1. Scan region 79-88 and tell me whether some residue there is in contact with a helix residue (DSSP H, G or I) (Cβ under 6 Å, 6 or more places away or on another chain) and hydroxyl-bearing (Ser, Thr, Tyr).
2. For the condition buried (at least 19 other Cβ atoms within 10 Å of the Cβ) and either more than 16 Å from the ligand (Cβ to nearest atom) or assigned to a helix (DSSP H, G or I) (or both), what is the one hit in Val297, Val326?
3. Within region 330-345, track down each residue that is closer than 19 Å to Phe161 by Cβ and outside any helix (DSSP H, G or I).
4. Could we say that Met48 is within 16 Å of the ligand (Cβ to nearest atom) and modelled with pLDDT of 95 or more here?
5. Right, Gly316: more than 16 Å from the ligand (Cβ to nearest atom), on the phi > 0 side of the Ramachandran plot and not in a loop (DSSP other than H, G, I, E, B) or not?
6. Glu122 - would you say it is modelled with pLDDT of 95 or more and surrounded by fewer than 21 Cβ atoms within 10 Å (Cβ to Cβ)?
7. Can you give me the number of residues within region 23-57 that are touching a Cys at 6+ places or on another chain (Cβ under 7 Å) and farther than 23 Å from Pro226 by Cβ?
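The values are calculated or read from the model by the stated rules, or taken from the named source; none is laboratory data. None of the values given here were measured: they were computed from a predicted structure. Cβ: placed from backbone, ideal geometry, glycine included. Neighbour counts: every protein chain shown.
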Amino acid sequence: MAALRVLVAGGGVIGCSIAYHLQKAGASVVLLERAEIGGESSGAAAGMLIAPFEDAASRPFQALQNASLAMYLPLIKELRSHSGIDIEYKTCGILRTARTVEHAKALQALVKRRAVAISGLEWVEGETLRGLEPGISPAVLGAAYSPDDANVNSGLLTQAFAVSAERLGAEVHRGVALTGFLGRGQHLRGAGTSAGDFRVDAVVLAAGPWTESLLRRVSARVPTPPMRGQMLAYRSSTVHHAIWGEDGYLVPKPRGFLFAGATVEDAGFRKRTTASGLASLQRAAAGMIPALRHADVVSSWAGLRPGSPDGLPILGRVPGRENVFVAGGHFRNGILLAPVTGRLMTQLICEGRPEIDLRPFRPERFG
Ligand code: GLY
């Protein structure tokens with residue numbers, strides 16, 4: 001039987017993971033990226049891989065997060081063996097800090113509730129906290145410490161998925177945009193692109209915040225609003241753990257860099273940094289680690305996260321279309337959820353039945 005031919009539109013981490021998983025499962029993939037692989041928010045992300053902690057996240061969402069985290073360790077080796085790319089997975093642990101007694105109490109209660117689910121999770125304060133992170137502000141009363149949380153180089157992860165898919169036989173078209181669809185009715189015959197028409201058995205739309213406008217062309221209304229995140233990098237080796245504060249976070253990176261993030265802004269498609277945004281990041285960073293007041297900022301950038309109205313990803317078949325699928329709306333969890341999204345979308349497209357129920361994430365929930 002001929003392999004299922006699937007076109008994936010979007011060369012961010014989600015599209016590239018789907019392309020990789022589909023190709024690995026025996027499909028014949030065409031991956032389109034209108035500019036550069038990982039050139040948008042996937043390349044801008046800090047790459048934190050953090051076990052779900054807050055009670056607020058729904059159970060299906062937590063299940064998705066945990067399933068994806070569990071895929072990471074084997075994936076590092078797998079992607080390296082196919083692509084030669086090291087995704088710079090680094091276990092740095094995370095300190096969720098509290099500066100008020102109320103917040104400290106709330107975090108301590110969460111530590112108790114989550115201790116069974118998150119290995120090594122504990123409340124730290126005083127000398128223990130300062131032994132872990134000597135530069136932390138005296139205003140920090142304590143922190144929920146989760147030692148196993150990690151981060152990756154999100155740009156390299158995206159490249160590793162794309163190159164691995166390519167090495168397994170996928171066609172990867174860089175600088176090629178989707179311009180329309182072939183055919184009408186429930187079953188489309190393929191897609192038109194800036195490099196000509198592609199006849200395929202299925203199409204997956206995974207174009208971050210641009211997914212909404214692609215979906216409109218197949219008469220589907222699924223909001224994926226851009227949510228800008230500004231980031232900056234210090235040249236500093238003074239921070240050893242990821243630190244999550246009330247107004248921002250810090251993530252230590254290889255080669256003496258420290259990322260500080262991130263704003264969450266509804267600024268449309270204006271992907272640029274602003275003086276006030278960067279100043280707010282520097283204030284938040286110095287509030288966590290006062291010595292950063294004197295550290296050099298070596299770079300700053302912005303990305304457009306793919307939002308969704310309820311903050312949950314949008315995964316499934318497009319309403320009214322048999323062979324068009326969407327994977328979007330990952331908002332602040334794209335890097336974390338990329339592996340499981342690739343696997344589940346592959347199962348949905350190739351077998352019709354993903355191993356995790358995707359109904360809580362179905363595109364038609366927005367009416
Ligand atoms: N995932 C981190 C952020 O959205 O800023």
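1. Scanning region 79-88 turns up at least one residue that is in contact with a helix residue (DSSP H, G or I) (Cβ under 6 Å, 6 or more places away or on another chain) and hydroxyl-bearing (Ser, Thr, Tyr).
2. Val326
3. His330, Asn333
4. Yes: the conditions hold for Met48.
5. Spelling it out, Gly316 is indeed more than 16 Å from the ligand (Cβ to nearest atom), on the phi > 0 side of the Ramachandran plot and not in a loop (DSSP other than H, G, I, E, B).
6. Here the answer is yes, as Glu122 does meet what is asked.
7. 2
For (1) within 19 Å of Tyr89 (Cβ to Cβ); (2) surrounded by 22 or more Cβ atoms within 10 Å (Cβ to Cβ); (3) within 16 Å of the ligand (Cβ to nearest atom), each residue gets a yes or a no:
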{"site": "Cys16", "(1), (2), (3)": "yes, yes, no"}
{"site": "Gln23", "(1), (2), (3)": "no, yes, no"}
{"site": "Glu40", "(1), (2), (3)": "no, yes, yes"}
{"site": "Gly43", "(1), (2), (3)": "yes, no, yes"}
